[in-house]
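Step one of this worksheet: look at the structure below.
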Amino acid sequence: MQFSIFQNPLNTWQGNSLIIGMFEEDIFQQLEKYNLNIDVKLLTSKLLKKDFKGKKGQILNFEFLDSHLNSVLIFGLGKRNKIVYESLSKSIADCSRRICDVEEKSGILLPWDELENFSLHSAAEIIRLSIFRDNRFNHKKDEKVSLKEVEFLGITDSKEISFKEIQDICAGVEFARELVAAPPNILTPLEMSRQAINIAKNYDLEVKILDKKECEDLSMGAYLAVAKGSDLEPKFIHLIYKSNDDIRKKIALVGKGLTFDSGGYNLKVGAGSQIDMMKYDMGGSAAVLGTAKAIGAIKPKGLEIHFIIASCENMINGSAFHPGDVITASNGKTIEINNTDAEGRLTLADALTYASNLNPDTIIDLATLTGACVIALGGDLAGLWSNNNQLANDLLKAASEVGEGMWHMPLQKSYKEGLKSHIADMKNTGPRGGGSITAALFLEEFFNENINWAHIDIAGTCWADKNKGLNPSGATGYGVRTLVKWIKNI
């Protein structure tokens, strides 16, 4: 998809479809002010007949079928002093989906000067990401979205904007979506490692893929315990981006990489277990690889970034780990297994230790870690835990700027009592109450305490059952835009 800015008089613009955002006040005057090449009185009369008042969420589609323009989609922005940016984003996404099969040029016209917290960058991301389709595994696989060119109208600030960067970020999000949506017989640990190798080749990153023997040599007993029940070999993935100038920050991004999670001997059973959806238990690794793809293209200066994934399956066979086992992580801590379905934190334990040994300034991990986080925050908000308030605030700011929901959760130290074991250093789960908090406290045991760390639980946000804003139903690619924004803000 090509984006551009139309800089000529508005009455000279021609295209197939035009999206217009309008405030509640003075609809007729707004249309006249734009001075478009359309019959304003006719359009206004149609709006009045449809009782269009410019309220947020209202959308009308008018067919013109003339030589200048085929259709106009008008949506309401609400009142000028009460703009709801979530509603604005949803309306643009909805309008974009209605014109996504248009092969000719389309345009979007908003009162840009009055939208202080909404940028051209945001609008372009919404348009591209909202019309994403993943037809790789159905008979529509050869169908492509036809919307090829979108022009932004009414831009008074002629400063150059990097549409390439927008496309690079969107490509990272779409890549993450495809990883999460891929069935587990396709996206295996081996295939995930191949995808990482492709990113390294395409964007000149370093890559290391550790096999089972190399992980054994590093004493990754927690990660390998989870992998024991699968016939598929685990793959520990390490991508490295390093800018060519002086390095001022060293960062490690760690993603949970369970390509399928059966629950192990604590098998996921019964209503609500979602065993059929456990392909998305690698949503954290998808976010990390999607970020690696975007960062490899953008190439920010002064940064060294490590992308780390301990990929495997959690399955059942005669070798699978048992409830009651005691295993030893690579930092020497012993863990009593009281639930084999709390496996993600075990893989992250060794991944975080590995990341910590690289001596980064900051570690951020992302994981579809707990159902408790979904119960607490639902599907619109990821949970955030951190040992550093500045890091937490910076991540919250980045998430807010790109429109990804996130909520700062507490690291309640007294809850560590629930992780105590009679025979090992700790158990892998605590009591039912505060389950997402005890999961974060568990992770906190596996890196150097002097490192700034944040844990983002995306169990509720990595998948959407229906269209939600710029996310079509299915995999959302959550986390890529927040991480890229946070990295750019450093």
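The values are calculated or read from the model by the stated rules, or taken from the named source; none is laboratory data. From a predicted model like this one, the values you see are computed outputs, not experimental measurements. Glycine also receives a Cβ, built like all others from the backbone with ideal geometry; neighbour counts cover every protein chain displayed.
Scanning region 221-243 for residues that are assigned to a helix (DSSP H, G or I) and hydroxyl-bearing (Ser, Thr, Tyr) gives a single hit, Tyr223. It is to be established whether one or more residues within region 134-142 are in contact with a helix residue (DSSP H, G or I) (Cβ under 6 Å, 6 or more places away or on another chain) and buried (at least 21 other Cβ atoms within 10 Å of the Cβ). No, the conditions are met nowhere in region 134-142.
If you go through region 465-490 and pick out every residue that is in contact with a strand residue (DSSP E or B) (Cβ under 9 Å, 6 or more places away or on another chain) and closer than 15 Å to Leu391 by Cβ, you end up with 5.
Search region 267-289 for residues being of a type in the set (A, V, I, L, M, F, W, C) and surrounded by fewer than 20 Cβ atoms within 10 Å (Cβ to Cβ), and hand back the single one that is nearest to Glu191 (Cα to Cα). Walk me through how you get there before you give the answer.
Of all residues in region 267-289, those of a type in the set (A, V, I, L, M, F, W, C) come to 267, 269, 271, 275, 277-278, 282, 286-289.
Keeping just the survivors that are surrounded by fewer than 20 Cβ atoms within 10 Å (Cβ to Cβ) gives 267, 269, 271, 275, 277.
Values: Leu267: 25, Val269: 27, Ala271: 31, Ile275: 21, Met277: 19 Å.
Per the criteria, the residue is Met277.
With farther than 24 Å from Leu147 by Cβ, of a type in the set (Lys, Arg) and not assigned by TED's automatic domain parsing to the domain that holds Pro472 as the only criterion, which of Lys90, Lys50, Lys105 stands out?
Working: Lys90 fails: farther than 24 Å from Leu147 by Cβ; Lys105 fails: farther than 24 Å from Leu147 by Cβ.
Result: Lys50 is the single residue among Lys90, Lys50, Lys105 that is farther than 24 Å from Leu147 by Cβ, of a type in the set (Lys, Arg) and not assigned by TED's automatic domain parsing to the domain that holds Pro472.
Name every residue in region 40-66 that is over 25 Å from Glu114 (Cα atoms) and touching a residue at least 24 places away in the same chain (Cβ under 8 Å), in order of residue number. The one that is over 25 Å from Glu114 (Cα atoms) and touching a residue at least 24 places away in the same chain (Cβ under 8 Å): Phe64. When each of Asp457, Asp380 is tested for being surrounded by fewer than 17 Cβ atoms within 10 Å (Cβ to Cβ) and closer than 19 Å to Ala286 by Cα, the lone residue that passes is Asp380.
From Gly57, Gly76, grab the single residue that is part of a strand (DSSP E or B), in contact with a strand residue (DSSP E or B) (Cβ under 8 Å, 6 or more places away or on another chain), in the same structural domain as Gln30 (by TED's automatic domain parsing) and of a type in the set (Gly, Ala, Ser).
Only one candidate passes the filter, namely Gly76.
Inspect all residues belonging to region 290-297 and state whether any of them is over 24 Å from Lys213 (Cβ atoms), within 20 Å of the chain's Cα centre (by Cα) and surrounded by fewer than 23 Cβ atoms within 10 Å (Cβ to Cβ). So far as region 290-297 goes, yes, one or more of its residues are over 24 Å from Lys213 (Cβ atoms), within 20 Å of the chain's Cα centre (by Cα) and surrounded by fewer than 23 Cβ atoms within 10 Å (Cβ to Cβ). Within the span defined as region 406-424, one or more residues are closer than 22 Å to Ala351 by Cβ, modelled with pLDDT of 95 or more, in the same structural domain as Ala351 (by TED's automatic domain parsing) and within 17 Å of the chain's Cα centre (by Cα).
Consider Gly264 carefully, then state whether it is on the phi > 0 side of the Ramachandran plot, touching a Ser or Thr at 6+ places or on another chain (Cβ under 6 Å), assigned by TED's automatic domain parsing to the domain that holds Ile364 and at pLDDT 95 or above. So Gly264 fits the description; yes.
The set of residues in region 4-39 being in a helix (DSSP H, G or I), hydrophobic (A, V, I, L, M, F, W, C) and either in contact (Cβ under 8 Å) with a residue 24 or more places away in the chain or surrounded by fewer than 16 Cβ atoms within 10 Å (Cβ to Cβ) (or both) consists of Leu10, Ile27, Phe28.
Look through Lys427, Lys420, Lys413, Lys397 and report the one residue that is charged (D, E, K, R), surrounded by fewer than 24 Cβ atoms within 10 Å (Cβ to Cβ) and touching a Ser or Thr at 6+ places or on another chain (Cβ under 6 Å). Reasoning before the result, please.
Values: Lys420 fails: touching a Ser or Thr at 6+ places or on another chain (Cβ under 6 Å); Lys413 fails: touching a Ser or Thr at 6+ places or on another chain (Cβ under 6 Å); Lys397 fails: touching a Ser or Thr at 6+ places or on another chain (Cβ under 6 Å).
From the options Lys427, Lys420, Lys413, Lys397, the qualifying one is Lys427.
Is there a residue in region 471-481 that is part of a helix (DSSP H, G or I), within 30 Å of Lys301 (Cα to Cα) and assigned by TED's automatic domain parsing to the domain that holds Leu253? Yes, the conditions are met somewhere in region 471-481. Just a yes or no: is a residue in region 306-324 touching a Pro at 6+ places or on another chain (Cβ under 6 Å) and buried (at least 17 other Cβ atoms within 10 Å of the Cβ)? Yes; the residues of region 306-324 include at least one that is touching a Pro at 6+ places or on another chain (Cβ under 6 Å) and buried (at least 17 other Cβ atoms within 10 Å of the Cβ). Close contacts from region 289-304, counting a first residue that is in the same structural domain as Glu174 (by TED's automatic domain parsing) and of a type in the set (Ser, Thr, Tyr) and a second that is modelled with pLDDT of 95 or more and not in a helix (DSSP H, G or I), with Cβ to Cβ under 8 Å and a gap of 6+ residues or different chains, come to Thr291/Leu253; Thr291/Phe307; Thr291/Gly479. When region 220-259 is examined, which residues are found to be surrounded by fewer than 22 Cβ atoms within 10 Å (Cβ to Cβ), more than 19 Å from Ile298 (Cβ to Cβ) and either of a type in the set (A, V, I, L, M, F, W, C) or not assigned by TED's automatic domain parsing to the domain that holds Ile335 (or both)? Across region 220-259, the qualifying residue is only Leu232.
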